[in-house]
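Peer 1: This is the structure I have questions about; it appears just below.
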Amino acid sequence: MSDRSTKASIRIGDRLHEVALSRRGARVVASVDGREYRLNVHESHGGVYSLLPLDEGGAQVEVQVATSRADAGTYHVRVRGRAFEARAETPGSRDREIVLRSVGAGPRPLRSVMPGRIVRVLVEAGASVKRGQGIVVVEAMKMENELASPKDGIVTQVLVSAGDRVESGATLVVIE
Amino acid sequence: MSAPFRKILIANRGEIAVRVARACREMGIATVAVFSDADRDSLHVRYADEAYPIGPPAPAESYLRIDAILEVARRSGADAIHPGYGFLSENPRFAAACERAGAVFIGPPPRAMEMMGNKIEARRIMKAAAVPITPGSDGEVTTAAGVLAVAAELGWPILIKAAAGGGGRGMRVVRRAEDVASSLAACRSEAAAAFGDPSVYIERYAARVRHIEVQILADAKGNTLHLGERECSIQRRHQKLIEESPSPAIDEATRARLGEAAVRACRAIGYRSAGTVEFLGDGEGNFSFMEVNARLQVEHPVTEMVTGIDLVKAQIRIAAGEDLPLRQDEIRIRGAAIECRLCAEDPDNNFIPSPGRIERLRAPGGPGVRDDSGVYEGYVMPPHYDSLFAKLIVWGETREEAIERMRRALDEYVVEGIPTTLPFHRRVMGDARFIEGDLDTRFIEGLNGHSPEAGREATDRAVDLAAIAVALARDSGARRIAAETERQGRGVASGWRQAGRRRQLEDRL
């Protein structure tokens, strides 16, 4: 079995951590911002790791990693009773974030954050709306949820009407 | 002991259908499941001896269809029907129709449900039975002038409530005289639309109240026992999230007083089976009647844990005509039990519902831990039904031990793929007010913080290990894609994946 090395920048909270891994089978040498960990790693099934830090006596730590449904680059991590949200940063991703923040103009879709049924559409095409204003009411799991406009603007398209079933991520209304 | 019934139809779904099926199996009674088109792969179907489709996903077209359910009872030869909670459980027409069809309804007599179904009528009956009721109007109020007259006596704010409402729906708080006319009109039209009855009445409104309820068991001879109380003050949208028994706010004398009031309430309506009498507490030891829940409650396990009585089996035996085998002085409350409701909701996003696929599931175990679940790994929760998918219940010799045990069990509980209320429960179990037992129905508003943590110190081993695990997961993911690409020859899979990923990125821009 050959050695395998990778590097990654992982953001947890407001701190960015530089991680370097070198793995050979179950043996992993990892460095986080220069702090070195020698580990025995066992992955029981996708994303569930049992780590034995070899320099800490018989210590054992279980870590669970799950990718976020909403955002491919975001991970939910649990270490014992603590929960973290982590983002893997790639060289392009920081630039992209900056671009994302600056894009206030242009059409923005309002998407359903859940599968469900449209109860009411509160606006018509051509209406001018404020950021945070209720646009569509979606019912899921016996609850009605008002989805709000992501920006100030004009409603250019209304793609659903009351009674429609929608999937998670479906575009409901476009606001420009 | 011989089985009281041969075969029971369970007219419900999810965790409660599984719970009832477990009791039946232990009693040697065959079970019949019914399922909608959205529930063919649900756990309650797999735990049943027979299973029959009853219609499309919408509850009105399946789980609420009396004719379809009774047709299954006839075809399967079920001699009794357990309604669970929700759906048809408190529908007197269903209870009566079961009896007419020759199947025993496992629940109270239809007449008792009818008497409690109208809240104005319920208040009148309770007052006559010397059960303390919340100060309010003597009957229906139809005019703004009528509301103002009641408000002048009670003081502001007041609550306008639909006579036919329930489950936290059909009520409105009014804080000043100017809003009375519009609130009354809105409440009446909402009540007419939601319940088919526009009648409303007035109650005094208190912002900070404790929600305490008493579990009752009554047999056909009228023997009626109280099994202690449950504290259910931790709620969102007027729906409970955490329950415990006993309540940390109730002493032995109050427990006896409430229990006796609850027994009087049930006797006044000729109640039979398991039932619950709900009270509101004002924090100064005063309790007033709110309503009778004429069914098994979601939170019944906490009572089972502290009394040792299986409420579902008791319901079944009572329905078969057996007498209660216990007297009131044989009921003992031992230790403390807590229940956390696991719902597919995002607690960091206003408890927005989050149905979807459960990618990973590992339930806790060990001493004093009970997991009443309706799901399994790989199950896709449909959007048509309640978000509750499991209940985690623990028992401890003391409330302190129960809290410590709940913390441990919550840490063991793994649900990935959908947001759940698990992080919320972990927060509550560490909250000083909860630990003190300082609870009221607005507890959640005072709960601060959200779950994802930032590193606490500059070098935090847990943060480092989290970062390492993410790097490992990314590395494994990259290797899997590479292997797949190789296997598929020309890299078709990877091409699709990249296209998919590119689309995601474009969508985000």
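Rule-based calculations on the coordinates, nothing more; no lab input. Bear in mind the structure is a predicted one, so any value in this text is a computation, not a measurement. Ideal geometry is used to build each Cβ from the backbone, glycine not excepted, and the neighbour counts take in all protein chains shown.
Peer 1: For peptide A:53-61, what's the mean number of Cβ atoms from other chains within 10 Å of each residue's Cβ?
Peer 2: Partner Cβ neighbours, averaged per residue: 1.
Peer 1: Rounding to the nearest 10 and keeping the result within 0 to 90°, find how far the Cα-based axis of helix B:492-508 lies from the longest principal axis of chain B.
Peer 2: Long axis of B:492-508 versus the principal axis of chain B: about 60 degrees.
Peer 1: Can you show me the helix-derived [θ] at 222 nm for chain B, built from DSSP H runs with n ≥ 4 at -39,500 (n - 2.57) apiece and divided by the number of residues, rounded to the nearest 500.
Peer 2: Details: 16 runs with 188 residues, N = 509.
After summing the helix terms and dividing by the residues of chain B, the value is -11500 deg cm²/dmol.
Peer 1: Considering only DSSP beta bridges with both partners in chain B, what is the antiparallel share in %, to the nearest 5? Intermediate results must be reported in sequence, preceding the final value.
Peer 2: Working: 59 of 74 bridges.
So the antiparallel bridges in chain B amount to around 80 percent.
Peer 1: If we count other beta carbons within 10 Å of each Cβ, what is the order of B:ILE81, B:ILE120, B:ILE66, fewest first? Provide the component values of the computation, followed by the final result.
Peer 2: Working: B:ILE81 29, B:ILE120 19, B:ILE66 16.
Ascending number of Cβ neighbours within 10 Å: B:ILE66, B:ILE120, B:ILE81.
Peer 1: Averaged over its residues, how many other protein chain Cβ atoms are within 10 Å of peptide A:12-19's Cβ atoms?
Peer 2: Values: counts 11, 7, 2, 6, 1, 8, 2, 8.
Partner Cβ neighbours, averaged per residue: 6.
Peer 1: Just the number, please: Stokes-Einstein D of chain A in µm²/s, Kirkwood Rh from C-alpha pairs, 37 °C, 0.692 mPa s. Intermediate results must be reported in sequence, preceding the final value.
Peer 2: Details: Rh = 19.7 Å.
The diffusion coefficient I find is 167 µm²/s.
Peer 1: Separate question: Return B:HIS425, B:HIS82, A:HIS42 ranked ascending by Cβ neighbour count within 10 Å, so the fewest neighbours appear first.
Peer 2: Details: B:HIS425 25, B:HIS82 29, A:HIS42 13.
The fewest-first ordering by Cβ neighbours comes to A:HIS42, B:HIS425, B:HIS82.
Peer 1: Karplus couplings for the range A:36-50 from phi (6.51 cos²θ - 1.76 cosθ + 1.60, θ = phi - 60°), rounded to Hz, Gly and Pro as x?
Peer 2: Whole-Hz 3J(HN,Hα) from phi for the range A:36-50: 9, 10, 9, 10, 9, 10, 10, 9, 6, 9, x, x, 9, 10, 9.
Peer 1: Any idea what the dipole of chain A comes to, in debye rounded to 20, about its Cα centre with Lys/Arg Cβ at +1 and Asp/Glu Cβ at -1? Each step should come with its number before you reach the end.
Peer 2: Working: 26 positive and 22 negative charges, 32 e Å.
So the magnitude is around 160 debye.
Peer 1: Could you work out the relative contact order of chain B, using alpha carbon pairs under 8 angstrom and six or more residues apart, expressed as a whole percent?
Peer 2: Numbers: 985 pairs, mean separation 63.2, N = 509.
So the answer I get is 12 percent.
Peer 1: Using amide H atoms built 1.01 Å from N in the peptide plane, name the residues 5+ places from A:ILE135, or on other chains, whose amide H lies under 5 Å from its own.
Peer 2: A:LEU147, A:ALA148, A:SER149
Peer 1: Please average, across the residues of B:424-431, the number of beta carbons from any other chain that are within 10 Å of each residue's own beta carbon, and give a whole number. Don't skip to the end; give the middle numbers.
Peer 2: On the way: counts 0, 0, 3, 0, 0, 1, 1, 0.
Mean partner-chain Cβ count within 10 Å for B:424-431: 1.
Peer 1: What's the angle, to the nearest 10 degrees (0 to 90), between helix A:93-102's Cα axis and the longest principal axis of chain A?
Peer 2: 20
Peer 1: Give the calculated FRET efficiency between A:GLU167 and A:ARG80 to the nearest 0.05, with a Förster radius of 45 Å applied to their Cβ-Cβ distance. Could the numbers behind the result be given before it?
Peer 2: Working: r = 35 Å, r/R0 = 0.79.
Result of the calculation: an efficiency of 0.80.
Peer 1: Read phi for every residue in the range B:319-328 and hand back ³J(HN,Hα) as whole Hz from Karplus 6.51 cos²θ - 1.76 cosθ + 1.60, θ = phi - 60°, with x for Gly and Pro.
Peer 2: Karplus values, whole Hz, x for Gly and Pro: 4, 7, x, 6, 7, 4, x, 10, 10, 4.
Peer 1: In straight Cα distance, which lysines are under 21 Å from A:LYS130, not counting same-chain residues fewer than 8 positions off?
Peer 2: Leaving aside lysines fewer than 8 places away in the same chain, those within reach of A:LYS130 are A:LYS151.
Peer 1: Next question. Apply the Karplus curve 6.51 cos²θ - 1.76 cosθ + 1.60, θ = phi - 60°, to the phi angles in the range B:109-122 and return the couplings in whole Hz, x for Gly and Pro.
Peer 2: Per-residue couplings from phi come out as x, x, 4, 5, 5, 4, 5, 8, x, 9, 5, 5, 4, 4 Hz.
Peer 1: Farthest toward the dipole's positive end in the range B:303-349, which of B:THR303, B:CYS343, B:ILE331, given Cβ charges of +1 (Lys, Arg) and -1 (Asp, Glu) about the Cα centre?
Peer 2: Checking the options against the dipole of the range B:303-349, the answer is B:ILE331.
Peer 1: Taking a virtual spin label 7 Å from the Cα of B:ALA207 along the C-beta vector, which residues in the range B:423-443 bring their backbone nitrogen under 13 Å of it?
Peer 2: What the label zone holds, given the 13 Å backbone N cut-off, is B:441-443.
Peer 1: Additional query: When the helix-only estimate is applied to chain A (DSSP H runs of n ≥ 4, each -39,500 (n - 2.57), divided by the residue count), what is the mean residue ellipticity at 222 nm, nearest 500 deg cm²/dmol? Each step should come with its number before you reach the end.
Peer 2: Values: 1 runs with 10 residues, N = 176.
Mean residue ellipticity, 222 nm, calculated: -1500 deg cm²/dmol.
Peer 1: Going through the cross-link list B:LYS240/B:LYS391; B:LYS7/B:LYS391; B:LYS313/B:LYS391; A:LYS142/B:LYS240; B:LYS127/B:LYS161; B:LYS7/B:LYS313, which pairs have a Cα-Cα distance over 21 Å in this structure? Let's see the in-between values first.
Peer 2: Numbers: B:LYS240/B:LYS391 12 Å; B:LYS7/B:LYS391 26 Å; B:LYS313/B:LYS391 19 Å; A:LYS142/B:LYS240 15 Å; B:LYS127/B:LYS161 18 Å; B:LYS7/B:LYS313 14 Å.
Over 21 Å Cα-Cα: B:LYS7/B:LYS391.
Peer 1: Please arrange B:VAL104, A:VAL119, B:VAL20 by counting, for each residue, the other beta carbons lying within 10 Å of its beta carbon, fewest first. Please report the intermediate quantities before stating the final value.
Peer 2: Numbers: B:VAL104 20, A:VAL119 16, B:VAL20 28.
Ranked by crowding around the Cβ, least crowded first: A:VAL119, B:VAL104, B:VAL20.
Peer 1: Mind checking the angle between helix B:252-268 and chain B's longest principal axis? C-alpha axes, 0 to 90 degrees, to the nearest 10.
Peer 2: Relative to chain B, helix B:252-268 is tipped by roughly 70 degrees.
Peer 1: I want to check the label-to-label distance for B:GLU377 and B:ARG100. Put each point 7 Å from Cα in the C-beta direction and report it in nm to one decimal.
Peer 2: Result: 4.9 nm between the two label points.
Peer 1: Scan chain A and hand back the longest stretch that contains none of the trypsin sites (Lys or Arg not before Pro) lying in DSSP loops with at most 15 other Cβ atoms within 10 Å. Could the numbers behind the result be given before it?
Peer 2: On the way: sites that count: A:ARG80, A:LYS130, A:ARG131, A:LYS142.
Looking at chain A, A:1-79 is the longest stretch - no exposed trypsin sites (Lys or Arg not before Pro) with at most 15 other Cβ atoms within 10 Å.
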